[in-house]
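Shown next, in structure tokens, is the structure this report addresses.
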Ligand SMILES: Nc1ncnc2c1ncn2[C@@H]1O[C@H](COP(=O)(O)OP(=O)(O)OP(=O)(O)O)[C@@H](O)[C@H]1O
Ligand SMILES: [Mg+2]
């Protein structure tokens, strides 16, 4: 399976006079899971917009292979489409019969059997989030970008969703960039965690995490990594 | 749950019936007791007689059909042109810059100001009334469609980009469904406007129709027939709005009201 790679050199971005990102260097190899944490307003969502090609950087070089899809911070499901309809958006090239099969397969994998014909407003926050992730994974994008995908959910649901994301990715491995406020989430899921500084943000800390999967939040390697990241962000108990 | 549902649907008939019933009662009492002189307002009995007369002669049906067909034609033309125009205005900056002032000018200009030209160009009758309806409804529909497009959350366009919805698909599969709930509201407002303009247009530039019926009755001092025209216009306008309201129950539209 071809998955995308990303290479960024000396990338900076400003909105008008507001400098948001400053001199970012980052290489992501195919299949890698990278998590980005940082203070609110530091430019994490902006970085994803740049990576997906929605914004053009003010300066610097950004190279990328493969297609990208983003699971957005705000509700990105189309409210006029059912669960099935939203999932089918991910499969534009299939004929009707294979599309139906692929959609019902994905409905099963995100645990929404019986809700195929439901509209997003009739789903819970966690269900909607699963549909969004399912839609992004339908039809195989190379790079999956997640912008605080679980931040609106309660703690237990968040833990469950992490497990489900891992399971989905095991079936369909791909490059993942996860933006999150939740440091535990980053260290439990990612191969590598990057910490951004305050605005204008650059990468101030980087940690590789070599704990084998599946990982539990309470696994020693994950706990150590969480402590290290917290320390890098200036939090000392 | 079920009994609540039944009670609601009974109430939705009962309450309006009470309102109208009370008004009828007041009208009847005021006329019978002589508080309301026949010189100022017809009695219920005169109204019924007038209604029967108009109905029996067939002229009520003829006027109603004339009015309905004008509203239908003017409305259809306005929607068919106004909605696409509004979508273009909402998505193409150049079109917006070029046409927005003109549309705002037209909207601020009362359609009735066009009556002299409508008669001068088209002549009294069908065409002139339809022209007046279109000149009133089209700018309103186009402008509020445009506003609806401007209000679409940015994230829908980013999703469209991720999922390769470009060009015509962006228009038909993202922009159009995204504005549908607001479009239904626009369509209801525009329908009300069409009725208003139809009446005024027929009074001044028509020779048939319910508006003309009122105009004609006024000339003949037939207060009863004026009220017959008024009642028909009000009832039919309500009916049209009701029909459009059914649209809000469609699954592709209801999401806009259920959130
Ligand atoms: N479209 C825009 N125009 C102008 N400024 C913007 C725009 N989008 C973001 N900004 C500014 O850029 C900065 C970074 O925003 P961004 O959304 O990338 O932060 P973030 O790290 O994702 O924050 P959060 O964690 O709260 O989601 C903010 O200070 C914001 O004010
Ligand atoms: Mg953000």
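The values are calculated or read from the model by the stated rules, or taken from the named source; none is laboratory data. Not measured: the values here are computed from a predicted model. No Cβ is skipped: glycine too gets one built from the backbone with ideal geometry, and neighbour counts run over all protein chains shown.
Before we move on, is residue B:176 over 16 Å from the mean Cα position of the chain (by Cα) and within 26 Å of residue B:242 (Cα to Cα)? The answer is yes for residue B:176. In the set (1) surrounded by fewer than 15 Cβ atoms within 10 Å (Cβ to Cβ); (2) out of contact with any strand residue (DSSP E or B) (no Cβ under 8 Å at 6 or more places or on another chain); (3) modelled with pLDDT of 90 or more; (4) closer than 23 Å to residue A:43 by Cα, the condition left unmet by residue A:226 is number (1).
Might you check whether a residue that is within 14 Å of chain B (Cβ to nearest Cβ) and in a strand (DSSP E or B) occurs anywhere in the range A:95-114? Checked against the condition, which is being within 14 Å of chain B (Cβ to nearest Cβ) and in a strand (DSSP E or B), the range A:95-114 yields no hits at all. The number of residues in the range B:239-248 that are within 14 Å of chain A (Cβ to nearest Cβ) and either over 14 Å from residue B:185 (Cβ atoms) or in a loop (DSSP other than H, G, I, E, B) (or both) comes to 0. Within the range A:139-151, the set of residues being within 16 Å of ligand 1 (Cβ to nearest atom) and within 14 Å of chain B (Cβ to nearest Cβ) comprises A:145, A:146, A:147, A:148, A:149. Is there a residue being at pLDDT 90 or above, touching a helix residue (DSSP H, G or I) at 6+ places or on another chain (Cβ under 8 Å) and either within 14 Å of ligand 1 (Cβ to nearest atom) or assigned to a helix (DSSP H, G or I) (or both) anywhere in the range A:206-222? Yes.
Selection over the range A:5-21 of residues that are surrounded by 19 or more Cβ atoms within 10 Å (Cβ to Cβ), more than 12 Å from ligand 1 (Cβ to nearest atom) and either under 18 Å from residue A:174 (Cα atoms) or over 19 Å from the mean Cα position of the chain (by Cα) (or both) gives a count of 2. If you go through the range A:42-88 and keep only what is away from ligand 1 (no atom under 16 Å from the Cβ), under 18 Å from the mean Cα position of the chain (by Cα) and more than 10 Å from every other protein chain (Cβ to nearest Cβ), you end up with A:64, A:65, A:66, A:87.
Test residue A:130 against the stated conditions and say whether it is within 28 Å of residue A:191 (Cα to Cα), more than 16 Å from ligand 1 (Cβ to nearest atom) and surrounded by fewer than 23 Cβ atoms within 10 Å (Cβ to Cβ). Judged against the criteria, residue A:130 is not a match. Inside the range A:141-166, residues that are touching a strand residue (DSSP E or B) at 6+ places or on another chain (Cβ under 6 Å) and either at negative phi or surrounded by 22 or more Cβ atoms within 10 Å (Cβ to Cβ) (or both) make up a count of 7. Residues of the range B:30-49 that are over 17 Å from residue B:229 (Cα atoms) and loosely packed, with under 12 Cβ neighbours inside 10 Å: B:33, B:34, B:35, B:37, B:39.
Of the candidates A:143, A:195, A:131, the single residue that is modelled with pLDDT of 90 or more and within 16 Å of ligand 2 (Cβ to nearest atom) is A:195.
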